[in-house]
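Heads up, the thing below is written out as structure tokens.
The values are calculated or read from the model by the stated rules, or taken from the named source; none is laboratory data. Just so it is clear, the structure is predicted and the values come from calculations on it, not from any experiment. Cβ coordinates were reconstructed from backbone atoms using ideal geometry, including for glycine residues, and neighbour counts include every protein chain displayed.
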Amino acid sequence: MNKPVVNDGTVGKALEVLDLVASLGRPVRFTELLSLAKFPKASLYRFLQTLTNQGMLSYDPKTQSYAPGLRLVRLAHSAWRQSSLAPVARPYLDALAEKTGEAVHLAQLDHGHVLFVDKRKGTDNFDTLAQAGKVAPSYCTGVGKAILAFMSEPARNLALQQQAFLKYTPATHDNTDALAKELNEVRADGVAYDREEHEVGIISIAAPILTDGETVIGALSIATSTSRHTLDALDVFRPALLETATQIANAASTWQFPTQN
């Protein structure tokens, strides 16, 4: 991911360490962090000590490993309630998952990537990599393309610069031109598709969540496996998907959410 060069000093560096620990999804020892982080040994140790003292990380002396701390959990729950669409959208996602019998994802954009803020499952017969709290590329996911297509041109151009264009599958876009062409089609059609671009065997249909002023504040998708549906068959879900997107947008109209202009 290509990020703008910024200098956020010590706080920014400490947050990078926090992000690293959280991204691994398991307790991690200092030696492993040292091999992954870009900081000198003494600096890394100092950041870890500060984060642990502040409760953002926890340290287990038995395993000599670090993991996200309870203070971070509290902050995450607060952010989920105040800054994400998830609490407002939950009943509509549940209804859509029950109606379709498929997995329903809710996402918002975060520095050019999609952050899945909720997931509801209509079946246990399959699962996807997308889980609440997980981050995924926007250029190869249905929700990501649905958001990108409806952003303002300056914001979309910045987001496109932040894409890595890694080839996750043979169907993944690997350049800006190909993606930009599809985004124009998405904007005209109103929905986006994931054609096994992030995971082999997983497809989805996605729609943007738009305010009355046509500002995109997120996206939702209905995801399924190719063993259950063909890509063309996903269109049967379009009316329910678009209706749910409108319901969520209306319910969120009195809330102030981070937007992707």
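Being at pLDDT 95 or above, farther than 16 Å from Leu242 by Cα and crowded, with 17+ Cβ neighbours inside 10 Å: is that true of Leu183 here?
Working: at pLDDT 95 or above: yes; farther than 16 Å from Leu242 by Cα: yes; crowded, with 17+ Cβ neighbours inside 10 Å: yes.
Judged against the criteria, Leu183 is a match.
For the stretch 97-138, which residues satisfy the criterion of being modelled with pLDDT of 90 or more and of a type in the set (Ser, Thr, Tyr)?
Thr100, Ser138
Where residues in the stretch 189-204 are touching a strand residue (DSSP E or B) at 6+ places or on another chain (Cβ under 8 Å) and more than 12 Å from Thr141 (Cβ to Cβ), which of them is surrounded by the fewest Cβ atoms within 10 Å (Cβ to Cβ)? Walk me through it before giving the result.
Initial filter on the stretch 189-204 (touching a strand residue (DSSP E or B) at 6+ places or on another chain (Cβ under 8 Å)): 190-196, 198, 201-204.
Right, trim to more than 12 Å from Thr141 (Cβ to Cβ) and you get 190-191, 201.
On the way: Gly190: 16, Val191: 24, Gly201: 13.
Per the criteria, the residue is Gly201.
Go through the stretch 213-233 and report how many residues are over 19 Å from the mean Cα position of the chain (by Cα) and either in a strand (DSSP E or B) or under 15 Å from Thr123 (Cβ atoms) (or both). Quick ask: steps written out before the conclusion?
Here is the first cut: in the stretch 213-233, the residues over 19 Å from the mean Cα position of the chain (by Cα) are 213-214, 225-233.
Right, trim to either in a strand (DSSP E or B) or under 15 Å from Thr123 (Cβ atoms) (or both) and you get 225-229.
Final tally of qualifying residues: 5.
So which pairs qualify, if the first residue must be in the stretch 186-201 and within 14 Å of Leu242 (Cβ to Cβ), the second must be basic (Lys, Arg) and surrounded by fewer than 20 Cβ atoms within 10 Å (Cβ to Cβ), the Cβ gap must be under 7 Å, and the two must be at least 6 apart or on different chains?
Taking only residues 6 or more apart or on different chains, the pairs are Val191/Arg238.
Of all residues in the stretch 122-167 being among the hydroxyl-bearing types (Ser, Thr, Tyr) and within 21 Å of Glu185 (Cβ to Cβ), which is nearest to the chain's Cα centre (by Cα)?
Ser138
Just give me the residues in the stretch 77-96 being at pLDDT below 90, part of a helix (DSSP H, G or I), out of contact with any helix residue (DSSP H, G or I) (no Cβ under 7 Å at 6 or more places or on another chain) and surrounded by 13 or more Cβ atoms within 10 Å (Cβ to Cβ), in sequence order. Step through it out loud before you land on a result.
From the stretch 77-96, those at pLDDT below 90 are 77-88; that's our starting set.
Still in the list and also part of a helix (DSSP H, G or I): 77-83, 86-88.
Filter again for out of contact with any helix residue (DSSP H, G or I) (no Cβ under 7 Å at 6 or more places or on another chain), leaving 77-79, 82-83.
Hit for the stretch 77-96 is Ser83, nothing else.
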